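Asker: First the structure, which I've put down as structure tokens, then a few questions once you've had a look.
The values are calculated or read from the model by the stated rules, or taken from the named source; none is laboratory data. Quick caveat: nothing in here was measured; it's all calculated off a predicted structure. Reconstructed Cβ throughout: ideal geometry from the backbone, glycine too, with neighbour counts over all protein chains shown.
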Amino acid sequence: MALNARRAADEARGIVRWLRPEFQDPAHRTAHAAIAAPAEERHGDQPTESVGTPTPLASTNRRAWPPELPEQMRATAEVLSSSAIALSETLIADHFKGQGPWKKRLPQILNTLEAVGRANKIVRGTDTLWCRA
């Protein structure tokens, strides 16, 4: 009964421990499909531990990648905070427009946000998703 109470408390916080996530967890299937989809078909929001219907990210919603690191950190954190579901690195990058090698800094920014408690990393097999902390 104590284990059941702990699991119920975890589920209330949004943490679900699936026995077979590839079959039971709709978020797992949706996230995998979104990561495998071509860039034209990707959506702006992908699942966290909760299920949602992704909405296509319109090109008008994309904002310019900030020039300075503090603004880059803030903008990336805002994308994670505004999403009700977890996002892959590629889907996070799809929220921004810019030219040059700006996407190379995104993994470092995401890891830093995780280190300071502003983001959570969800690893499922070979897929890595990010959500707000």
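Asker: Determine if region 116-132 includes at least one residue that is in a helix (DSSP H, G or I), in contact with a strand residue (DSSP E or B) (Cβ under 8 Å, 6 or more places away or on another chain) and surrounded by 14 or more Cβ atoms within 10 Å (Cβ to Cβ). Break it down into steps so the answer makes sense when it comes.
Answerer: Going residue by residue through region 116-132, those that are in a helix (DSSP H, G or I) are none.
No, every residue in region 116-132 fails to be in a helix (DSSP H, G or I), in contact with a strand residue (DSSP E or B) (Cβ under 8 Å, 6 or more places away or on another chain) and surrounded by 14 or more Cβ atoms within 10 Å (Cβ to Cβ).
Asker: Would you list the helices (runs of 4 or more DSSP H) that sit entirely within region 16-112 and hold 2 or more residues that are over 18 Å from residue 125 (Cα atoms) and modelled with pLDDT of 65 or more?
Answerer: Values: elements: 21-24, 26-36, 69-82, 89-93.
Helices (runs of 4 or more DSSP H) meeting the threshold: 69-82, 89-93.
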